[in-house]
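Visitor: Below: one structure in structure tokens.
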Amino acid sequence: MFGGIFDEIIKKIEEWISGKGHGGDDAGERDLLPVLLVPGIGGSILNAVDDDNSDNAERVWVRLFFADHEFKKKLWSRYDPATGKTLSLDPKSHIEVPDENYGLFSCDILDPAVFIRLNIVYNFHDLIEQLEQWGYKAGTTLFGYGYDFRQSNRLPEAVDGLLRRLEAIHKTSGGKKVNIISHSMGGLLVRSLLALHSASFEKLVNSWTTIATPFQGAPAFVTDCLLTGVEFLKGWQKELWVAKWSTHQLLVECPSVYEMMASLTHEWERPPQLQVWRRHRKHDNNPRHVKLHSYGPLECVSVMEAALKENTLSYDDKTIPIPFNRCILEWANESRRLWFSAKLPKDFKFYNIYGTSCKTPFDVCYGSEKCPIVELKEILHTEADFKYVDGDGTVPSESSKADGFTATARHGVPGNHRGLLRSNAVFLLLKDILEIKDKEKKVAVHAAPHKSEEAIEKQAQFCLSDTAMSHKNSNWDANSEDSQDYNSGSESEDNTENSVVFTINTEDARAQAHARATPHEPHKGFEFHHLSVSAAGVAEGSDREKAAIAVEKAMASATAKLMALYNM
């Protein structure tokens, strides 16, 4: 009883927070094309609704109290190959997404404890606030579309629901086209709409900006999700959350997760690997019988099948088998074929913003030479070890960039997967994309990445726009002893050990740059660690040339300070 009352109070508070605007003049709002926000996996509130009483709805994702219990009771599911849907095991309820505040409520603040800020569940909140500051208003120029993220991204219910939302916005706005902003897996849902309803897409959509979308998959992250689950919070906070194993038992039956496995058709710079240290004689401790086995994107399926062969869950005193699901895999492969058959309308404005400068899992390894795996089912309860590449901490940059479209622009922004939704650099790019005009026109500078024969790139090309982000990448090799302390460091959004921020303020220009280093494993045959360094900056001022000089100095200073950390 009290839990239901508490949930209702929290819901009202959140609706007030989600619905509050920053005013903005009506004339400016009339000039804005409407924006639709489409979240990624885990980015929508899910309610369990009583089949016999639709007024009885209980939030099951996300919730703070009894999170694990309600997650298992209401969200654990089984896949139905006849329909392509995953259906909840609870026979007395079904899952719905709340649609309050024109769809924004479901993808704004996902945490019911609104008085405690946990960034991982402040989904589109900061972006919504930024859009409101630019003059957007819920219900007239700003909308959201939440959906059941357990399901396939090409399921008719999800795709048709997105189409209906676009049609409603088009009608509400007097026939204006919509600017779509999607995050992560939401980009795959939008791509399904493009593939299945291309004519409607061309009629209704003005531009599409996608952020951190795993177009070619999130190899190591998804593999580990299917084998061991995912843990969203660390330390004491995880006690308030869904247990890692509980998420695992759900994800094995989720088509959306299989759709983000490593692409089999993409020409990877180096194919991702699933690796297992195995002892081939069960009672033999001879180290010569321990070997490291590596499996590519196709071969790893047989390993996952063997590991999950005996996997079960207990529900209502019943034991239910939950093996690796080949039917879902076949469905997911068909989804990828559909996505890459999609073509953008002629001269369409498509923007791809992807994350960089974070250690991103690419290869996943189970066991070790000292503690090898004997039976593959042991993997399910083994902590994974990763090899990393550049990306947003979840999706490799290589995957996010490989959209297969002729993009209007692609921008690499230093930041982690969810942190990109709070990034000022991303906001500046969106301001440019949405053509938001300031009352006083300012000059901003964009520095594009270049190759250079020097260790640190000196070249940069600049273009004039209302707002833009400066970005450049550099690489060099550092002695492994000097870099050793940094290689084991975690890459979180608050980690400053591997990053430097440098600001320049003068009478004529203002610039800020952020440099971040990502250590990689030694190159084969060399005793050196490879460091990838990206520097990004923003500059504004009344004089283009002085702004360009300011941002270049800021990036150079930030990079130099970072090099000093590595004794370079």
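Visitor: Hey, can you tell me all the residues within region 42-63 that are open to solvent by less than 50 Å² (accessible area, probe 1.4 Å), of a type in the set (A, V, I, L, M, F, W, C) and either part of a strand (DSSP E or B) or in contact with a Phe, Trp or Tyr (Cβ under 8 Å, 6 or more places away or on another chain) (or both)?
Guide: Selection gives 45, 46, 48, 49, 60, 61.
Visitor: Give region 147-178 a look and list any residue that's within 17 Å of residue 199 (Cβ to Cβ) and among the small types (Gly, Ala, Ser), or say none.
Guide: The answer is 175, and nothing else.
Visitor: Enumerate the pairs (first residue in region 281-309 and within 16 Å of residue 375 (Cα to Cα); second residue anywhere and open to solvent by 50 Å² or more (accessible area, probe 1.4 Å) and at pLDDT below 85) with beta-carbon separation below 9 Å, excluding pairs fewer than 6 apart on the same chain, so at least 6 apart or on different chains.
Guide: Short answer, once both residue conditions are applied: 289/280; 289/281; 290/280; 291/280.
Visitor: May I pose another question? Just to verify a result, which residue in region 350-385, among those that are more than 20 Å from residue 220 (Cβ to Cβ) and aliphatic (A, V, I, L, M), is modelled with the highest pLDDT?
Guide: Per the criteria, the residue is 353.
Results for (1) of a type in the set (A, V, I, L, M); (2) modelled with pLDDT of 95 or more; (3) crowded, with 18+ Cβ neighbours inside 10 Å, shown as yes or no for each residue.
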residue	(1), (2), (3)
282	no, no, no
287	no, no, no
304	yes, yes, yes
333	no, yes, no
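Visitor: In addition: So, in region 378-394, exactly how many residues are among the charged types (D, E, K, R) and either farther than 22 Å from residue 262 by Cβ or within 18 Å of the chain's Cα centre (by Cα) (or both)?
Guide: Pass one, region 378-394, residues among the charged types (D, E, K, R): 378, 383, 385, 387, 390, 392.
Cutting the leftovers down to either farther than 22 Å from residue 262 by Cβ or within 18 Å of the chain's Cα centre (by Cα) (or both) gives us 378, 390, 392.
Residues flagged as among the charged types (D, E, K, R) and either farther than 22 Å from residue 262 by Cβ or within 18 Å of the chain's Cα centre (by Cα) (or both) within region 378-394 amount to 3.
Visitor: Between 166, 193, 189, which is open to solvent by less than 10 Å² (accessible area, probe 1.4 Å), in a helix (DSSP H, G or I), over 27 Å from residue 390 (Cα atoms) and touching a strand residue (DSSP E or B) at 6+ places or on another chain (Cβ under 8 Å)? Even if it seems obvious, please write down each step before you answer.
Guide: Details: 193 fails: touching a strand residue (DSSP E or B) at 6+ places or on another chain (Cβ under 8 Å); 189 fails: over 27 Å from residue 390 (Cα atoms).
Just a single option satisfies the conditions, and that option is 166.
Visitor: Still on this structure, I have one more. Quick check on region 395-413: of everything there that is outside any strand (DSSP E or B) and buried (at least 24 other Cβ atoms within 10 Å of the Cβ), which residue is farthest from the chain's Cα centre (by Cα)?
Guide: Of everything passing the filter in region 395-413, 399 is farthest from the chain's Cα centre (by Cα).
Visitor: Looking at region 112-153, which of its residues are modelled with pLDDT of 95 or more, of a type in the set (Phe, Trp, Tyr) and not in a strand (DSSP E or B)?
Guide: If the condition is that a residue be modelled with pLDDT of 95 or more, of a type in the set (Phe, Trp, Tyr) and not in a strand (DSSP E or B), then 124, 134, 136, 145, 147, 149 are the ones that fit.
Visitor: Another one. Please list, ordered by residue number, the helices (runs of 4 or more DSSP H) wholly in region 244-347 having 1 or more residues that are among the basic types (Lys, Arg).
Guide: On the way: elements: 244-251, 255-258, 300-308, 326-339.
Because the criterion is at least 1 residues that are among the basic types (Lys, Arg), the helices (runs of 4 or more DSSP H) in region 244-347 that meet it are 244-251, 326-339.
The values are calculated or read from the model by the stated rules, or taken from the named source; none is laboratory data. Just so it is clear, the structure is predicted and the values come from calculations on it, not from any experiment. Neighbour counts run over all protein chains shown; Cβ positions are idealised from the backbone, glycine included. Side chains included, ligands, DNA and RNA excluded: accessible areas come from the protein's heavy atoms. Shrake-Rupley method; radii C 1.70, N 1.55, O 1.52, S 1.80 Å.
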